[in-house]
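Below: one structure, written as structure tokens.
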Amino acid sequence: MALIDIVDLYKRFGTKEVTRGVSLSIEESTSTVIIGRSGEGKSVLLKQIIGLLKPDSGHVYVEGIDITKLDEHALDQQLKKFGYVFQFAALLDSLNTFENIGISLLEKDVPEKEVLPRVKKMLKMVNLPEDSLYKYPAELSGGMRKRVGLARTLLTEPKIILFDEPTTGLDPITARIIHELIFSLKDALKVTIIIVSHDIEIFKYVDRVAILHEGQIKYICDAKTVWDSTNPYMYQFIRGLPEGPIITEVTNTSD
């Protein structure tokens, strides 16, 4: 069994079916990006994987344990394996960098003198200068806020990290820096990464690419082969072809 096995997930909000039988396996210490058009339910899928949303039916096995069947206490224990990096970092504007990164420990009344060296270690890991320690989110650039959000997640020492659109709102240069940072940490910490993204530049860094379309994973491939794929869903999305019926045939245009 894989580290994570997602089996036939269904989730409905009112009359709208968002996930319609999603199945996907994630191997340990790998990186997978889930791509798809806006509104396809990529973020909803992430929240089901981590247990923030309970599916209407289906299963999410993490190390062989079906987290959809756990009570609140058991689920809380399983969630310690996960880290979640939100799309816009989700920093608290009233807290400085130190407090935002160390919040999980500070809320447990761990003394600040014990939290500080751990926060400084996280700053170093995400390449933030120490002079940012007592700055507030409004004083940080978009890229710096993303790194603070990542540092906060790393402080909990997760085994699996989920990223929701990690480069949204960033210029291409900063986006590349964030991508390189994420995947250098993946290799250094031996964590498993799942990302939802619209940014096809991420293909350079991940192991696998999966496409979500109309509530289902339609195709999965090795990231190294994604541009050679003739799968119609993948071909249309990564080339930004106009919306409409998915093309039924891909011709070889290399000649």
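The values are calculated or read from the model by the stated rules, or taken from the named source; none is laboratory data. Please read all numbers here as calculations on a predicted model, not as lab measurements. Methodologically, a virtual Cβ is constructed for each residue, glycine included, from the backbone with ideal geometry; neighbour enumeration extends over all protein chains shown. With ligands, DNA and RNA removed, areas are computed over all heavy atoms of the protein, side chains included. Shrake-Rupley method; radii C 1.70, N 1.55, O 1.52, S 1.80 Å.
In straight-distance terms, cross-link reach from Lys80 covers every one of the lysines whose alpha-carbon lies under 18 Å from its own, apart from those fewer than eight places away in the same chain; here that gives Lys47, Lys54, Lys69, Lys108, Lys159, Lys186, Lys190. With a simple spin-label model that places each label point 7 Å from the Cα along the Cα-to-Cβ direction, the separation between Ala74 and Ser104 comes to 2.3 nm. Shape verdict for the stretch 79-145, please, from the Cα gyration tensor: rounded (a/c under 1.5), prolate (a/b greater than b/c) or oblate. It comes out rounded by the Cα gyration axes. With respect to the chain, whose longest principal axis is taken over its alpha-carbon atoms, helix 97-106 is tilted by about 90°. Helix 172-189 and the longest principal axis of the C-alpha atoms of the chain enclose an angle of approximately 80°. The length gained by stretching the chain between Leu189 and Asp56 to full extension, at 0.36 nm per residue less their Cα-Cα distance, is 44.5 nm. With bins 5 Å wide beginning at 0, the percent of Cα pairs of the chain falling in each bin runs 1, 6, 13, 16, 18, 16, 13, 9, 5, 2, 1, 0, 0, 0.
If a/c stays under 1.5 just call it rounded; otherwise compare a/b with b/c (prolate if a/b is bigger, oblate if not). Do that for the stretch 31-175, with a ≥ b ≥ c from the square roots of the Cα gyration tensor eigenvalues. The shape class here is oblate. Per residue, the Cα convex hull of the stretch 1-104 amounts to 142 Å³. Per residue, the chain exposes an accessible area of 51 Å² to a 1.4 Å probe, with every protein chain left in place. Computed from Cα atoms, the angle from the helix 142-154 axis to the main principal axis of the chain rounds to 80 degrees. With both labels modelled 7 Å from their Cα along Cα-to-Cβ, the Leu92 to Arg20 distance reads 4.1 nm.
Counting protein heavy atoms only, the chain has 51 percent of its accessible area on carbon and sulfur, 1.4 angstrom probe. Straight-line cross-link partners of Lys224 among the aspartates and glutamates, defined as a Cα under 13 Å from its Cα and at least 8 positions apart when in the same chain: Glu201, Asp207.
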